[in-house]
Amino acid sequence: MTLDLSTVDPERIPTHVGLILDGNGRWANQRGLPRTAGHLAGEEALFDTVEGALEIGVSWLTAFTFSTENWERDEEEVEFLMWFNEDLLTRRRDELHTQGVRMRFAGDMSDPRIPDRNRKHMAEAEELTAGNDRLQLVFAFNYGARREIAEAAAGIAREAAEGRLEPDVVDEDMVRRHLYIPEMPDLDLVIRSSGEMRLSNFLLWHAAYAELYFPGILWPDFDRHALLDAVAEYQTRDRRFGSAADFPSG
Ligand code: IPE
Ligand code: MG
């Protein structure tokens with residue numbers, strides 16, 4: 001399926017789009033199905049959205065697939081999500097590779113609760129696709145922005161303690177270089193499905209000036225057309241990065 005791109009300005013495509021996948025459980029509940037059925041249905045939504053990103057020309061797409069808080073869910077659901085994340089990587093990686101997608105992961109990978117199989121398959125997918133540059137697809141997995149920033153602070157403190165840098169030289173760029181993916185650009189647009197209007201600890205550093213978009217649909221109903229709508233809405237926003245609004249004079 002191909003999108004009608006005439007509704008968007010090719011000069012103002014967001015470079016980095018963040019996706020907070022939300023509403024899988026509710027989608028399943030509405031159908032009398034177990035929550036896991038909602039996650040299964042969410043896969044198609046995610047990969048259709050990836051195809052949309054490729055068509056539209058988005059360069060970075062980061063999907064929040066498992067948060068540092070998701071461990072609190074029922075053991076069964078956590079186990080399912082671990083299995084599903086891993087299974088999806090192995091099933092999808094060749095197709096993504098062929099499309100020129102570079103797969104990357106952002107999160108606390110040192111967490112002993114992450115099964116070794118997941119770690120292995122993430123490393124393999126990363127390695128296989130390392131040479132691609134059409135789209136950077138980042139899976140925020142066991143991700144929490146506060147932890148990411150705390151880890152960056154710890155890394156900088158370590159270098160200072162070892163005498164490798166003076167505390168006075170620490171600036172925003174240095175913090176950024178210590179985040180999980182140093183070259184990750186700021187988010188231009190964050191989309192959270194299901195009508196919830198929160199960032200929930202997602203890429204807080206990168207979202208500083210992001211435009212936020214909250215479609216009411218549940219994640220399994222999201223697709224490339226919904227992404228295009230989001231980009232069209234983004235293009236109507238007046239991004240000022242802290243400068244004053246421009247009013248016509250006279
Ligand atoms: C998002 O859907 C799935 C994950 C990020 C794991 P939810 O599982 O949060 O669905 P709701 O909010 O319960 O409907
Ligand atoms: Mg939710």
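The values are calculated or read from the model by the stated rules, or taken from the named source; none is laboratory data. For clarity, every value in this text was computed on a predicted model and none was experimentally measured. In this analysis, Cβ positions are derived from the backbone assuming ideal geometry, glycine residues included, and neighbour counts consider all displayed protein chains. Each accessible area value is taken on the protein alone, full model and side chains, heavy atoms only, with ligands, DNA and RNA left out. Shrake-Rupley method; radii C 1.70, N 1.55, O 1.52, S 1.80 Å.
Looking only at residues that are more than 10 Å from ligand 2 (Cβ to nearest atom) and within 26 Å of R102 (Cβ to Cβ) in segment 21-40, which one is surrounded by the fewest Cβ atoms within 10 Å (Cβ to Cβ)?
Result: L40.
Report, ordered by the first and then the second residue, all pairs with beta carbons closer than 6 Å, sequence separation of six or more or different chains, a first member in segment 218-229 that is touching a residue at least 40 places away in the same chain (Cβ under 8 Å), and a second member that is away from ligand 1 (no atom under 16 Å from the Cβ) and open to solvent by 50 Å² or more (accessible area, probe 1.4 Å).
That search, which allows pairs on different chains as well, returns R224/E51.
What is the one condition in (1) open to solvent by less than 20 Å² (accessible area, probe 1.4 Å); (2) of a type outside the set (G, A, S); (3) within 16 Å of ligand 2 (Cβ to nearest atom); (4) assigned to a loop (DSSP other than H, G, I, E, B) that P14 does not satisfy?
Unmet for P14, out of (1) open to solvent by less than 20 Å² (accessible area, probe 1.4 Å); (2) of a type outside the set (G, A, S); (3) within 16 Å of ligand 2 (Cβ to nearest atom); (4) assigned to a loop (DSSP other than H, G, I, E, B): (3).
Could you check how many residues of segment 41-80 are out of contact with any helix residue (DSSP H, G or I) (no Cβ under 8 Å at 6 or more places or on another chain), within 14 Å of ligand 2 (Cβ to nearest atom) and part of a strand (DSSP E or B)?
Qualifying residue count, segment 41-80: 2.
Given the condition among the basic types (K, R), exposed (fewer than 12 other Cβ atoms within 10 Å of the Cβ) and more than 16 Å from ligand 2 (Cβ to nearest atom), answer yes or no: does some residue in segment 164-180 qualify? Spell out the reasoning first.
The first filter runs over segment 164-180 and keeps only residues among the basic types (K, R), leaving 164, 176-177.
Filter once more, so that each one left must be exposed (fewer than 12 other Cβ atoms within 10 Å of the Cβ): 164.
Pick out the ones that are also more than 16 Å from ligand 2 (Cβ to nearest atom) and you get 164.
So far as segment 164-180 goes, yes, one or more of its residues are among the basic types (K, R), exposed (fewer than 12 other Cβ atoms within 10 Å of the Cβ) and more than 16 Å from ligand 2 (Cβ to nearest atom).
Being within 14 Å of ligand 1 (Cβ to nearest atom) and touching a residue at least 24 places away in the same chain (Cβ under 8 Å) is true for just one of I20, I13, I56. Which residue is that? It would help to see each step written out before you state the result.
Values: I13 fails: within 14 Å of ligand 1 (Cβ to nearest atom); I56 fails: within 14 Å of ligand 1 (Cβ to nearest atom).
Result: I20 is the single residue among I20, I13, I56 that is within 14 Å of ligand 1 (Cβ to nearest atom) and touching a residue at least 24 places away in the same chain (Cβ under 8 Å).
Please state which of the following conditions R113 fails to meet, knowing it meets all the rest: (1) away from ligand 1 (no atom under 14 Å from the Cβ); (2) surrounded by 15 or more Cβ atoms within 10 Å (Cβ to Cβ).
Answer for R113: the failing condition is (2).
If S110 satisfies every condition in (1) assigned to a loop (DSSP other than H, G, I, E, B); (2) within 16 Å of ligand 2 (Cβ to nearest atom) but one, which is the exception?
Going through (1) assigned to a loop (DSSP other than H, G, I, E, B); (2) within 16 Å of ligand 2 (Cβ to nearest atom) one by one, S110 breaks only (2).
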